[in-house]
Amino acid sequence: MDVSHDTISLNRMMNWQSYFNGSVPPGFAGTAGLLLFVVLVWSLVWKGMALWKSAKEGSKVWFVVLLLVNTVGILDILYLYVFSKKSVPPVETPKM
């Protein structure tokens, strides 16, 4: 059994850059970080709006589901536009 080969393999498994054969393409980390930030902001905006509406309507089940399940905004958007109660604008009576 070759101990040095096992040590090298273990070191490579612990180092994520080894999956790119020891080198990360230039600009990759910055692009991935920017993409992650955009997805995070997108998800937080939709999750915040959906949680606000479900709490306002008193829907405890939807609140818990939306809080625990992360679908990058997809479930949140569906809740807002498909599953939640539609808000009816108030009807104004004409003044005489």
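All of the numbers you see were taken from the coordinates with simple rules; none came from a lab. Quick caveat, the model's predicted, so the values are computed rather than measured. Positions of Cβ are backbone-derived with ideal geometry, glycine not excepted, and every protein chain shown enters the neighbour counts.
Tally Lys/Arg at +1 and Asp/Glu at -1 over every other residue whose Cβ is under 13 Å from the Cβ of residue 86; what's the total?
+1
Can you give the net charge of the other residues whose Cβ lies under 13 Å from the Cβ of residue 49, counting K and R as +1 and D and E as -1?
+1
Mind checking which lysines have their Cα closer than 22 Å to the Cα of residue 53? Skip sequence neighbours fewer than 8 apart in that chain.
Filter leaves 85, 86.
Counting Lys and Arg as +1 and Asp and Glu as -1, what is the net charge of the other residues whose Cβ lies under 13 Å from the Cβ of residue 68?
So the environment of residue 68 carries a net charge of +1.
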